[in-house]
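The values are calculated or read from the model by the stated rules, or taken from the named source; none is laboratory data. Here the structure is a predicted model, which is why all the values come from computation and not from measurement. Reconstructed Cβ throughout: ideal geometry from the backbone, glycine too, with neighbour counts over all protein chains shown. Quick note on the areas: whole protein, heavy atoms, side chains included, nothing else; ligands and nucleic acids left out. Shrake-Rupley method; radii C 1.70, N 1.55, O 1.52, S 1.80 Å.
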Amino acid sequence: MPTLAPADIKTRLVTLLSEKFGLPEDEILAGATFDELDIDSLILVELGLLVRKELGIVLAEGDLQSSFRIDDAVAVVAEKGGLA
């Protein structure tokens, strides 16, 4: 798997949230928390599964929090993937 830069991870996460869960990209990029975007724990688990499938990075349940903004999620994904 090619190495992903944080900007690439962010683009991929925003795309996943937008395409799979119907969230507006501009709101995600504006720095809203997942909670403010009405992303519940079930969606966070599903997002974790999509990250594993699409990026090959395994996230444990609870690694992504509803209080996170997109940049927080990018940092966790990068760290778990050994990219940080």
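What figure in square angstrom, to the nearest 10, would you give for the accessible area of ILE57 with a 1.4 Å probe?
We get 10 Å² for ILE57.
Could you check how much of the accessible area of the chain is carbon and sulfur, as a whole percent, using a 1.4 Å probe?
49 percent
Ignoring ligands, DNA and RNA, what accessible area per residue does the chain give at 1.4 Å, in Å²?
Per residue, the chain has an accessible area of 58 Å².
Please name whichever of LEU29, THR15, LEU49 sits farthest to the positive end of the charge dipole of segment 6-80, dipole taken about the Cα centre and charges placed at Cβ: Lys and Arg +1, Asp and Glu -1.
LEU49
Just how large is the dipole of the chain about the Cα centre, in debye to the nearest 20, putting +1 at every Lys and Arg Cβ and -1 at every Asp and Glu Cβ?
Dipole about the Cα centre, nearest 20: 420 debye.
Could you work out the local net charge near ALA60, counting Lys and Arg as +1, Asp and Glu as -1, over the other residues with Cβ closer than 11 Å to its Cβ?
0
Starting from 0 in steps of 10 Å, tell me what percent of the Cα-Cα pairs of the chain lands in each bin.
Per 10 Å bin, starting at zero, the Cα-Cα P(r) for the chain comes out as 19, 60, 21, 0 percent.
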